[in-house]
Structures are given as structure tokens and as C-alpha cells.
Amino acid sequence: MLDNPHLRIGLGTDLHRLAPNLPLWIGGVHITESPLGCVAHSDGDALVHALIDALLGSVAMGDIGTHFPPSNDRWKNANSLDLLAQTLGIIREAHPNFRLINVDAVVHLERPKLGVYRASIQAVLAEALGVETACISMKAKTGEGLPPIGTLEAISTQVVVLVFV
């Protein structure tokens, strides 16, 4: 544990292959109009997975695979928001003064366009994290037709968090 309070930054990324007939979850929101979803051990929510990595990284506590390894069947089809809640518990146990300042996220996905989902994603993440919606930024980018994002092969996410510990 740190002796003095500090601001810390965490960075998380995730990449998932897309395939037909799978659900697409982004930031805890089911993107129902997508014919493609993530190939993953859990629910494949790439945004929440990157957020978990960013939070863990901000306090130097490993990554999502350290705490929720895909080799463990306990996490098969796990809801990523449940993993996020467990992550916050792990962090707060080690750092009782932990406080999230803000989240800045980018989702790279060719389609569907995510602008109509932005407010819902921000609201779900804000509630899950116990912060105001204004603390959550989510931007969506396409792959401009370039592989693997632009050719509908994958989704990629990047998340940066600022925390106080």
C-alpha cells in the first residue's frame, strides 16, 4: 500500500475476433443490431475487459487474466460487469482510499455505428463504477475498411483511467 495518496493512471486494451451468431456486448450494453459478436471465454465485452485491465494497471495489480484466467471454467460465459464488480472489490481491499476520477475509452468497430449507444454505455459503466456519468467518456471509431477492424474481423478497445489511491 502507498504511504501517501497519489494520482495514478492505468491503461487497458482488448481485442476480440468477431463471428456470426454470437451476442455483442460493449460496456455492459447488448448491441442487438449486430449480426456479429465476440469470440471469447466470457461474454466477450472488450470495453469492460480493457477497463478492468486499466483499473488493475493503475494500482499495479496485474491484469484480467491474472484474476480471471480463461483456463478456469469458473469464468466461462461470465458477465463482464460481474468481473468488474469483483475487480473493484479486489482493488478496494488492497487500497481502501481508492477512488476513480475518470474513464476515457475508445472502441474500434466498423459497424454497427455506436453513437446511438454512447449514452447507454456511459450510464451502465457509471453505475457499475459508482461515479457520475460525466466521468465516463466513450468514443467510437471505425477501421476505415482496413483489417482487422474495417473488414469486420475484430473489435478493439483502449481505456485510460485516472484514479486516486
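All of the numbers you see were taken from the coordinates with simple rules; none came from a lab. Computed from a predicted model, the values in this text were never measured in an experiment. All Cβ positions, glycine included, derive from the backbone under ideal geometry; neighbour counts span all protein chains shown.
Calculate the dipole size of the range 47-112 relative to its Cα centre from +1 charges on Lys and Arg beta carbons and -1 charges on Asp and Glu beta carbons; express the result in debye to the nearest 20.
Here the range 47-112 has a charge dipole of around 120 debye.
What per residue convex hull volume, in Å³, comes out for the range 14-142 when only alpha-carbon positions are used? Provide the component values of the computation, followed by the final result.
Working: hull volume 12.6 nm³, N = 129.
Cα-based convex hull of the range 14-142, divided per residue, equals 98 Å³.
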